[in-house]
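To keep things clear, I will list the structure first and then write my remarks on it.
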Amino acid sequence: MNWNKFFIPGLLVWLSQLTIANLLIIDTVRPDFICIIILYWAVQNGRFIGTILGFIFGIIFDLSGTANFFGISPLIYSVTGYLSGNLYGVYTKLNPLYYYLVWIIILVFQFLIFCIINYQEILFIDFGLFIGKWIGTSLYTIIFVIILQFIYPLNRLK
């Protein structure tokens with residue numbers, strides 16, 4: 001397998017996550033570009049590659065010093081890679097509405113895990129604020145994925 005097709009785009013996305021995502025921050029909510037590329041890679045290559053790449057880029061992201069809790073990024077990106085890998089080659093078998101709904105649910109679930117760990121003190125103090133952080137983080141990244149769907153749709157990945 002040619003790992004350069006993962007390394008160069010992954011490096012560019014990691015750099016954009018470190019720089020551009022901080023410019024797009026609203027309150028404490030920012031888009032997660034690494035999650036988007038893991039979603040695309042997993043849908044294109046399957047569960048195994050998605051899980052491995054999710055773990056590798058999660059470790060890289062945590063080692064870059066931007067994570068609040070060490071280990072959360074490999075966990076959530078591995079889960080995203082595994083669950084998204086289930087969409088590998090099933091676009092023709094599923095109703096397109098279900099197909100798009102499944103990857104949206106995967107992203108919402110991924111951000112639920114992220115928010116439970118990252119905002120655990122808010123969860124018990126102000127549940128409404130926690131829900132706002134969770135929905136805000138999820139929607140912000142999903143909006144970027146929807147915009148990317150017009151340029152490079154998930155169902156056309158080979």
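Among the residues of the range 122-130, is any surrounded by 12 or more Cβ atoms within 10 Å (Cβ to Cβ), acidic (Asp, Glu) and free of Cβ contacts under 8 Å to residues at least 40 places away in the same chain? Yes. Taking the range 85-132 as the range and being within 22 Å of residue 29 (Cβ to Cβ) and among the polar types (S, T, N, Q) as the test, the residues that pass are 110, 118, 120. Do we find a residue being of a type outside the set (S, T, N, Q) and loosely packed, with under 13 Cβ neighbours inside 10 Å anywhere in the range 50-57? No - not one qualifying residue is present in the range 50-57. If you go through the range 58-93 one residue at a time, how many are surrounded by 19 or more Cβ atoms within 10 Å (Cβ to Cβ), among the aromatic types (Phe, Trp, Tyr) and either under 19 Å from residue 117 (Cα atoms) or without any contact (Cβ under 8 Å) to a residue 12 or more places away in the chain (or both)? Counting residues in the range 58-93 that are surrounded by 19 or more Cβ atoms within 10 Å (Cβ to Cβ), among the aromatic types (Phe, Trp, Tyr) and either under 19 Å from residue 117 (Cα atoms) or without any contact (Cβ under 8 Å) to a residue 12 or more places away in the chain (or both) gives 2.
Do we have any residue at all in the range 37-48 that's surrounded by fewer than 18 Cβ atoms within 10 Å (Cβ to Cβ), touching a residue at least 24 places away in the same chain (Cβ under 8 Å) and in contact with a Gly (Cβ under 8 Å, 6 or more places away or on another chain)?
yes
A short reminder: the numbers here are calculations on the coordinates, not readings from a lab. None of these values were measured; they are calculated from a predicted model. Positions of Cβ are backbone-derived with ideal geometry, glycine not excepted, and every protein chain shown enters the neighbour counts.
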